[in-house]
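Right, one structure below, let's go through it.
The values are calculated or read from the model by the stated rules, or taken from the named source; none is laboratory data. What you see is a predicted model, and the numbers here were worked out from it, not measured in a lab. No Cβ is skipped: glycine too gets one built from the backbone with ideal geometry, and neighbour counts run over all protein chains shown. The protein model used for the area step is the full one, side chains on, heavy atoms only, and it has no ligands, DNA or RNA in it. Shrake-Rupley method; radii C 1.70, N 1.55, O 1.52, S 1.80 Å.
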Amino acid sequence: TTTTMTTTTTMTMTIRTDRATTDRARRMRAMTARGARRCATTRRASTPEAREASDGSFEWYREPQRVATACAWMALGSFATFGAPSGTSAFDLELVKSLVSAPFTGAVNPLFEALFNSLGVVPATYACLMMPGAKGNKSPFPAALCVGASFALGFFALGPYLVTREPRTRVKRSELGFVTRNIWESKLNAAALLGFAAYLAFYGASNVTPDTLAGFATLFKEQSMLACVSTCDLIVLSLCAAPAIAEDMRRRDVDDANALAFASVPVLGPACWLLVRPSLED
């Protein structure tokens, strides 16, 4: 009898222990699942798109990338005002006349000529990246105005819109305007931009000599405010391309992990993305 009672007691304790272990395991799994859901929710809520969708507003000054872009815009303006050569307007006018009247003939320093013409490719690339998400955007700066003015003023015109624009990653092709749908989304336009960018890269690289390098340095430091500011403008435009490419990737359901890779090759890289990116769908 004593042995039977001991065995029964042992079995009862074992069952209770197993139940307690099972309950603890169940509670741990539930806590882990809740934690995972909480982390996933936090990650989703940390993106600009999620915040904009959740409360209908977007506060650009809470985004480090946007603040950095604003700082770059102010730094470029400050350098153009206080750091670039001054009193070169007559020389710059003759420089522009030579660029227009005798393109790619060696009349102008070929390194600067390639750079200057790149400032036509890069704004067009930004137009292809920005305009699909521009409709209905609540930025205080109109997208079309800023993008159009950037062909003449570069980052000085485009910067305010890049800073304050709302992220829009859910866009249907049917929502696009005529120009955006037929030009900025066109693969033919992308191929033309990439082809011209490749030619400019070849033209500049094939004319790198000690004399052209010294001539470009003189233009930058002493002779031309246009050459100095244009060089800095192209650098800042290239540095700010990665967030725009990443947003365009998300708009097309593409992983944005490669955005920095495309942006790391100035002028050519963003144009390559335009050519290989998927089309927007309905």
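For first residues located in the stretch 210-232 and closer than 16 Å to G106 by Cβ, partners that are open to solvent by 20 Å² or more (accessible area, probe 1.4 Å) and not in a helix (DSSP H, G or I) and lie 6+ apart or on another chain with Cβ distances below 7 Å form the pairs T212/N109; G215/N109; F216/N109; L219/N109. Looking across the stretch 256-282, the residues that are of a type in the set (D, E, K, R) and either touching a Ser or Thr at 6+ places or on another chain (Cβ under 6 Å) or farther than 13 Å from A242 by Cα (or both) come down to R277, E281, D282.
For the stretch 143-163, indicate whether the set of residues that are in contact with a Pro (Cβ under 9 Å, 6 or more places away or on another chain), open to solvent by 20 Å² or more (accessible area, probe 1.4 Å) and farther than 25 Å from A227 by Cβ is non-empty. The answer is no; no qualifying residue exists. Residues in the stretch 80-103 that are of a type outside the set (D, E, K, R) and open to solvent by 60 Å² or more (accessible area, probe 1.4 Å): T81, F82, S86, G87, S89, A90, F91, L93, V100, S101, P103.
Look at (1) touching a Pro at 6+ places or on another chain (Cβ under 8 Å); (2) at pLDDT below 95 and you find that S279 fails only one, number (1). Of the residues making up the stretch 185-199, those that are open to solvent by less than 50 Å² (accessible area, probe 1.4 Å), part of a helix (DSSP H, G or I) and of a type outside the set (A, V, I, L, M) are N189, G195. Taking the criterion of being open to solvent by 80 Å² or more (accessible area, probe 1.4 Å) and farther than 15 Å from C232 by Cβ, the residues of the stretch 60-79 that qualify are W60, Y61, R62, P64, Q65.
For T169, the conditions (1) open to solvent by 50 Å² or more (accessible area, probe 1.4 Å); (2) at pLDDT below 95 all hold with the exception of (1).
Selection over the stretch 104-127 of residues that are among the aromatic types (F, W, Y) and either open to solvent by 60 Å² or more (accessible area, probe 1.4 Å) or outside any helix (DSSP H, G or I) (or both) gives a count of 2. On the basis of being open to solvent by 20 Å² or more (accessible area, probe 1.4 Å), within 28 Å of A75 (Cα to Cα) and over 22 Å from the mean Cα position of the chain (by Cα), does F202 make the cut? No; evaluated as a whole, the condition is false for this residue.
With the structure loaded, tell me whether P140 is at pLDDT 95 or above and not β-branched (V, I, T) or whether it fails that test. In short, no.
Among the residues of the stretch 144-179, write down those that are over 25 Å from L115 (Cα atoms) and in a helix (DSSP H, G or I). Result: T164, R173, S174, E175, F178, V179.
Checked against the criterion of being surrounded by 21 or more Cβ atoms within 10 Å (Cβ to Cβ) and over 17 Å from A124 (Cβ atoms), the candidates V229, V254 yield just one match: V229.
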